[in-house]
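Notes for the one structure printed next.
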Amino acid sequence: MKKKKALVKTNSSSGFTLIEILIVLGILAAVMALGLGRIRKNENNIKKSLREISVLSREIRNHARLTQSTMRLMIDISEKESKFWVEKGDSSTLRDPKEIFKKDPEPTDDKKKPAFSLYKKLTKKVKPLEKGISFKSLEVENMEALTDGLSAIYYSPEGYVEASILQLTDGKNTWSLIFNPLTGFVDITEEAKTLKDITRQ
């Protein structure tokens, strides 16, 4: 007589329990929420910077016309901290194409008044860009593009603005601010543009 083998049911523990799956999903959701929060904050910073400079350009043009003086938007391009501010000169001040801007000008014995000074009605002090955002380059018509150092965009008493493109970056993406020479308005594009690209269109 043949003996029947007893069927023993073994409990396999190769799967995950519902609690383990819920814990893993909770951790993933928390990590994603933190990551998305940082991305959104960076997007808000770049939008704020783009908006601030485009509005400032129109205001500089208006003030230059109202006060009948030459004004300039100073741009300090630096990897550590990019900054900008507005300076005002008199009506006869023109851009010197050979002018070299110095971040820290040497003190002189001359008691001569500087040609330009900080215009506190528009920028009370030197303003840094939002955290994580920096200037990448500034290209002004008839001048070499600047990727590091100090330069400016000039606004005339007649309301003209130097044709310029200012690029901002968050380290991954680049945005271009295109300054219209007749209106002072700024067009924003989500890509790196040059003046040659604009004149071809």
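Residues Lys120, Lys113, arranged from fewest to most other Cβ atoms within 10 angstrom of their Cβ, appear as Lys113, Lys120.
What ranking of Ser69, Ser117 emerges when the number of other C-beta atoms within 10 Å of each C-beta is taken as an exposure proxy, fewest first?
Numbers: Ser69 19, Ser117 10.
Lowest count first: Ser117, Ser69.
For the range 158-196, GluC sites (Glu not before Pro) meeting the loop criterion (DSSP other than H, G, I, E, B) and having at most 16 other Cβ atoms within 10 Å: Glu158, Glu190, Glu191. Distance from a point 7 Å along Cα→Cβ of Lys131 to each backbone N in the range 45-82: keep the residues under 12 Å and list them by number. Residues 45 fall inside that zone.
First select every other residue whose beta carbon is under 15 angstrom from the beta carbon of Val55; then total the charges, Lys and Arg +1, Asp and Glu -1. That sum, taken over residues with Cβ under 15 Å, equals +3.
Using a cut-off of 30 Å between Cα atoms, the listed pairs Lys127/Lys193; Lys88/Lys172; Lys48/Lys88; Lys113/Lys193; Lys48/Lys124 include Lys88/Lys172; Lys113/Lys193 as exceeding that distance. Listing Leu18, Leu28, Leu150, Leu138 from fewest to most neighbouring C-beta atoms within 10 Å gives Leu18, Leu28, Leu150, Leu138.
Every number in this text was worked out from the coordinates using simple rules, so none of it is lab data. Keep in mind it's a predicted model, so treat the numbers as computed, not measured. No Cβ is skipped: glycine too gets one built from the backbone with ideal geometry, and neighbour counts run over all protein chains shown.
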